[in-house]
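The values are calculated or read from the model by the stated rules, or taken from the named source; none is laboratory data. Predicted model, so just to flag it, every value in this text is computed and none were measured. With ideal geometry, Cβ positions are generated from the backbone for all residues, glycine too; neighbour counts draw on all protein chains shown. Remember, those area values only see protein heavy atoms, side chains included, never the ligands or the DNA or RNA. Shrake-Rupley method; radii C 1.70, N 1.55, O 1.52, S 1.80 Å.
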Amino acid sequence: MTNIIECKKVSRTYNQGVNEVHAIQHVDLQVNDGEFVCLSGPSGSGKSTLLNAIGALDSITSGEVSFCGQKLADLSKSQLADLRLNKMGFIFQSYNLIPVLSAKENVEFIMQLQGVPAKKRGQIAKDMLAEVGLAGLENRRPSELSGGQQQRVAVARAIASEPALILADEPTANLDSSCTRDLIELMGKLNEHHGITIVTASHDPMVINIAKRNVRLQDGMVITDEAV
Ligand code: ADP
Ligand code: MG
């Protein structure tokens, strides 16, 4: 089994005026290829901080994060940008779609940055939108889609570039229970049938249940790490 993520004694301290906030402290975490991991725990327990450290979206104060055996600290800014673009897919609570682009253009956007030729990326975007259940809605802008549909576009965008890893921060936080059910089924399918490694942060019991491993954080520390 290939090791995708390795966190060794990772800490992140934020300075807030005179106070230091220990957002995560000495976190050890190893994630293998094909896993579906949920980082759970109450609000403020460090889930987003850990996810951002793994995705090289934020720096860490001490410790070491490696991606596919490569230490993030050894990579230059542009190498990190390359890694995020080509190896990782991100899904956020607020969808983060580009409002002026259609669903299809949003999905194509990252492939465009990657230099995928127009015809090929158009076809992939169409296929991915069909995969997430949005066939026929390709030309709608985010404002013309429901929250659940927008999050599906974000999922299609995240998987279009065939990332080794999907990082999702509270992906269901803004969805009602029926859209949540659809989204977690989709995530389960991506993991089961497409073998995509997923690490998601969520305190939603439905997300924790679909994941295969639950890593619980409290006060920035891992308190339990168990199969679901
Ligand atoms: P979670 O995602 O589990 O809700 P976070 O990782 O966002 O938790 O936050 C962990 C802790 O770090 C909290 O106490 C939060 O207030 C603090 N924190 C997060 N981001 C910042 C920041 N940019 N500046 C200062 N403190 C922060
Ligand atoms: Mg968070």
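Quick rundown of the values:
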| read-out | value |
| --- | --- |
| Residue, nearest to ligand 2 (Cβ to nearest atom), within segment 5-39, restricted to residues that are in a loop (DSSP other than H, G, I, E, B) and among the small types (Gly, Ala, Ser) | GLY17 |
| For ALA81: the one exception among (1) part of a helix (DSSP H, G or I); (2) over 20 Å from HIS194 (Cβ atoms); (3) touching a residue at least 12 places away in the same chain (Cβ under 8 Å) | (3) |
| Cβ pairs under 6 Å, 6+ apart, first in segment 158-170 and within 16 Å of ligand 1 (Cβ to nearest atom), second assigned to a strand (DSSP E or B) and hydroxyl-bearing (Ser, Thr, Tyr) | ALA168/THR200 |
| Flag if LYS189 is open to solvent by 40 Å² or more (accessible area, probe 1.4 Å), away from ligand 1 (no atom under 15 Å from the Cβ), touching an Asp or Glu at 6+ places or on another chain (Cβ under 7 Å) and over 17 Å from GLY46 (Cα atoms) | no |
| Count of segment 60-78 residues which are hydroxyl-bearing (Ser, Thr, Tyr) and free of Cβ contacts under 8 Å to residues at least 40 places away in the same chain | 2 |
| Segment 2-18, residues that are open to solvent by 80 Å² or more (accessible area, probe 1.4 Å), more than 9 Å from ligand 1 (Cβ to nearest atom) and free of Cβ contacts under 8 Å to residues at least 24 places away in the same chain | VAL18 |
| Qualifying residue in segment 32-53 (condition: in contact with a Phe, Trp or Tyr (Cβ under 9 Å, 6 or more places away or on another chain), over 21 Å from ASP219 (Cα atoms) and open to solvent by less than 10 Å² (accessible area, probe 1.4 Å)) | no |
| Selection count where residues are within 8 Å of ligand 1 (Cβ to nearest atom), in contact with a strand residue (DSSP E or B) (Cβ under 6 Å, 6 or more places away or on another chain) and not in a loop (DSSP other than H, G, I, E, B), scope segment 40-69 | 5 |
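Residue-by-condition table, conditions (1) aromatic (Phe, Trp, Tyr); (2) in contact with a helix residue (DSSP H, G or I) (Cβ under 7 Å, 6 or more places away or on another chain):
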site: THR2; (1), (2): no, no
site: ILE5; (1), (2): no, yes
site: ARG12; (1), (2): no, yes
site: ASN19; (1), (2): no, no
site: PHE36; (1), (2): yes, yes
site: LYS47; (1), (2): no, no
site: ALA56; (1), (2): no, yes
site: ILE60; (1), (2): no, yes
